[in-house]
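Novice: Dropping the structure in here first, questions after.
None of the figures in this text is laboratory data; all of them are computed from the coordinates on show. The structure displayed is predicted, hence computed values, not measured ones. We place every Cβ from the backbone using ideal geometry, glycine too, and count neighbours over all the protein chains shown.
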Amino acid sequence: PGGPRPAGEDGGVVGLLRRLGRLEDSRQRGAELFRWLVSPVSPGEFLGRHWERAPLLVRRGDPGYYAGLFSTADFDAALRGSQVDFGTHLDVTSYADGVRETHNPSGRALPAVVWDFYQNGCSLRLLSPQTFSPTVWHFLSILQEHFGSMAGANTYLTPPGTQGFAPHYDDIEAFVLQLEGKKHWRVYSPRTGAEVLPQFSSANLTQAELGEPMLETVLEAGDLLYFPRGFIHQGDCLPDAHSLHITVSSYQRNTWGDLLEKLLPAALQMALEEDVEYRQGLPMDYLRYMGVANSDSADARRTAFMEKVQSLIKKLIRYAPIDAAVDQRAKSFLHDCLPPVLTQSEKAQSVYGFPARWQDGGPRDVDILITKDTEVRLLRHGIIRLCNEEAGVMLYYTTENSRVYHKEEPKFLEIDPEYTDSIEFLLSSYPNHVSVDSLPCETLEDKISLATLLFEKGILTTKKPLLQV
């Protein structure tokens with residue numbers, strides 16, 4: 001990975017994404033992209049020594065490492081060519097003499113206004129650049145499958161000799177990719193046990209609240225700085241260069257505690273339905289010996305009450321629908337996901353490249369002719385999830401999501417329970433193609449109708465384009 005990269009087609013991120021596109025398995029694409037992100041540190045070493053534990057600084061001495069991911073030219077193009085609004089997409093910020101300010105006007109962020117703010121020493125934060133940049137979208141859509149958690153991003157453009165943000169800590173795992181120029185960073189260890197892997201970000205902190213930094217460095221183009229949630233950080237520009245970086249983030253509210261938040265109410269609900277012990281009444285006199293006012297009194301009834309509560313909580317484990325709770329988390333992750341970015345060949349083999357069109361006064365090539373011999377597979381492993389819900393079996397999918405976070409409602413199909421084996425078969429066969437005839441449905445008609453439905457939603461691709469035009 002070290003050393004300069006050839007300019008042109010296969011250098012930088014664009015070439016990397018093209019190479020990843022040749023891998024058949026989307027899980028492998030995610031693993032390889034992650035390997036590239038933390039290189040030359042191995043993923044195993046990163047996960048063992050740094051992830052959720054300690055910052056990592058990678059100095060690459062390769063200014064072109066991230067070439068093509070995002071640039072000040074891309075920033076300018078977004079302002080000119082897209083609807084970028086202050087507050088929604090762009091924040092104008094400053095931090096001077098310990099005071100952090102936001103200077104957002106209302107309405108559209110036009111280049112003349114934005115660059116004037118920058119020229120006057122303000123920092124520019126572009127929120128979710130994946131909305132405007134196809135390359136950032138492509139990059140994050142591959143990475144999200146590796147993390148199994150939403151991968152987001154913001155870009156930060158800071159003028160020379162200024163700082164845009166007060167010191168603070170975040171509720172996400174942060175990967176700072178220095179794209180242009182350089183930036184002076186200071187990172188501080190969590191101050192208390194409660195600030196280790198916090199659930200929420202901090203307010204702006206003052207310099208007086210910080211100790212000595214545990215890491216101080218100047219990031220240059222091509223370098224990487226990772227820090228876990230809870231690590232306080234601040235970055236400022238040196239007088240001689242601007243800085244453009246992108247922070248890639250993941251693992252917001254993706255903890256054991258968050259899983260238990262879904263699981264415990266469901267376990268209690270099941271216990272109440274299935275076990276009479278949970279429905280029996282409390283002792284008539286329990287208010288006389290329980291409660292904070294009685295917490296110091298030695299009373300056998302208190303001991304018995306405590307033991308009863310403990311045994312009911314222990315017994316809850318029997319009723320915990322762990323897999324169903326995981327599926328509910330997966331369902332909300334799929335709603336968070338960016339839609340997949342298709343390679344040219346994937347497009348040709350999917351509904352997105354299907355040649356239905358208007359020609360010579362009428363529609364042409366409209367019929368999707370899937371037969372028992374058509375070979376199909378999932379577009380990606382991570383784009384679907386089966387959930388058993390009260391209303392029936394639902395198949396959640398990401399192909400119709402928006403690049404804008406939660407712009408669309410969760411997308412799902414209600415699936416005939418007889419089709420669940422076929423969905424599971426498609427998942428376990430991936431990345432291999434299977435013939436429609438081999439789907440474990442009752443009749444050939446069912447096999448073809450399921451394959452056609454999934455093809456029309458962009459979930460299935462065919463080994464060869466269905467129609468050559």
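Novice: For residue 120 and residue 238 in the same chain, what is the full-extension length gain: residue separation times 0.36 nm, less their Cα-Cα distance, in nm? Mind showing how you got there, number by number?
Specialist: Values: separation 118, 0.36 × 118 = 42.48 nm, distance 1.59 nm.
Extra length available between residue 120 and residue 238 comes to 40.9 nm.
Novice: Calculate for the chain the 222 nm mean residue ellipticity that helices alone would give, adding -39,500 (n - 2.57) per DSSP H run of length 4 or more and normalising by residue count, nearest 500 deg cm²/dmol.
Specialist: -9500 deg cm²/dmol
Novice: If you don't mind, there's one more thing I want to ask. What number does the range 256-320 give for Rg over Rh if you use C-alpha atoms and the Kirkwood radius?
Specialist: With Rg and the Kirkwood Rh in hand, the quotient comes to 1.06.
Novice: Using a basic spin-label model with each label point 7 Å from the Cα along Cα→Cβ, how many nm lie between residue 18 and residue 101?
Specialist: 4.7 nm
Novice: For the peptides 414-420, 203-209, what is the packing order when you average, over each peptide's residues, the other Cβ atoms within 10 Å and list the highest mean first?
Specialist: Working: 414-420: 14.7, 203-209: 11.0.
Order by mean packing, descending: 414-420, 203-209.
Novice: Quick one: length gained pulling residue 453 to residue 421 fully straight, 0.36 nm per residue minus the C-alpha distance? Don't jump to the answer; show the numbers that get you there.
Specialist: On the way: separation 32, 0.36 × 32 = 11.52 nm, distance 1.57 nm.
Contour length minus the Cα-Cα distance gives 9.9 nm.
Novice: Let me ask you something else. Any chance you could list P(r) for the chain, counting all Cα-Cα pairs in 20 angstrom bins from zero, rounded to whole %?
Specialist: 20, 45, 28, 7, 0
Novice: Let's see if you can work this out: charge +1 on each Lys and Arg Cβ, -1 on each Asp and Glu Cβ, no other charges. What is the dipole magnitude of the range 196-246 about its Cα centre, in debye to the nearest 20?
Specialist: Charge dipole of the range 196-246: 300 debye, to the nearest 20.
Novice: Sort 116-128, 270-282, 427-439 by packing, meaning the average of other beta carbons within 10 Å per residue, with the highest value first.
Specialist: 116-128, 427-439, 270-282
Novice: Kindly write out, for the range 160-174 in residue order, the coupling ³J(HN,Hα) from the Karplus curve 6.51 cos²θ - 1.76 cosθ + 1.60 (θ = phi - 60°), rounded to whole Hz, with x marking Gly and Pro.
Specialist: x, x, 10, 10, x, 9, 6, x, 6, 10, 10, 9, 9, 7, 10
Novice: Placing one identical point scatterer on every Cα of the range 325-375 and ignoring solvent, what is log10 I(q)/I(0) from the Debye formula at q = 0.22, 0.27 Å⁻¹?
Specialist: The computed values of log10 I(q)/I(0) come out as -0.89, -0.99.
Novice: Next question, about the same structure. For the chain, what is the charge dipole size about the Cα centre, in debye to the nearest 20, if Lys and Arg each add +1 at the Cβ and Asp and Glu each add -1 at the Cβ?
Specialist: Using only the charged Cβ atoms, the result is roughly 760 debye.
Novice: Output the Kirkwood hydrodynamic radius of the range 12-250, Cα pairs only, in Å rounded to one decimal.
Specialist: The Cα-based Kirkwood calculation yields 18.4 Å.
Novice: What is the order of 284, 306, fewest Cβ neighbours within 10 Å to most?
Specialist: 284, 306
Novice: Further question on the same structure: Within 10 Å, count the other beta carbons around each residue, average over each peptide in 23-35, 454-466, and list them highest first.
Specialist: 454-466, 23-35
Novice: Just the number: Rg to Rh for the range 323-462, Cα atoms, Kirkwood Rh, two decimals.
Specialist: Computed over Cα atoms, the ratio is 0.98.
Novice: Right, another one. Please go through the residue pairs 183/407; 262/407; 372/407 and name each one whose alpha carbons sit more than 29 Å apart in this structure.
Specialist: Check vs 29 Å cut-off fails for 183/407; 372/407.
Novice: Compute the relative contact order of the range 323-462 as a whole-number percentage, counting only Cα pairs closer than 8 Å that sit 6 or more residues apart in sequence.
Specialist: Values: 206 pairs, mean separation 46.2, N = 140.
It comes to 33 percent, rounded to a whole number.
Novice: From the phi angles alone, apply the Karplus equation (6.51, -1.76, 1.60; θ = phi - 60°) to the range 52-69 and give each ³J(HN,Hα) in whole Hz, x where the residue is Gly or Pro.
Specialist: Listing the rounded values in order: 6, 10, 8, x, 9, 10, 10, 9, 9, x, 9, x, x, 4, 9, 3, x, 6 Hz.
Novice: I'd like the Karplus ³J(HN,Hα) series for the range 379-391: coefficients 6.51, -1.76, 1.60, θ = phi - 60°, whole numbers in Hz, and an x wherever there's a Gly or Pro.
Specialist: 4, 9, 5, x, 8, 10, 8, 8, 10, 7, 10, 4, 6
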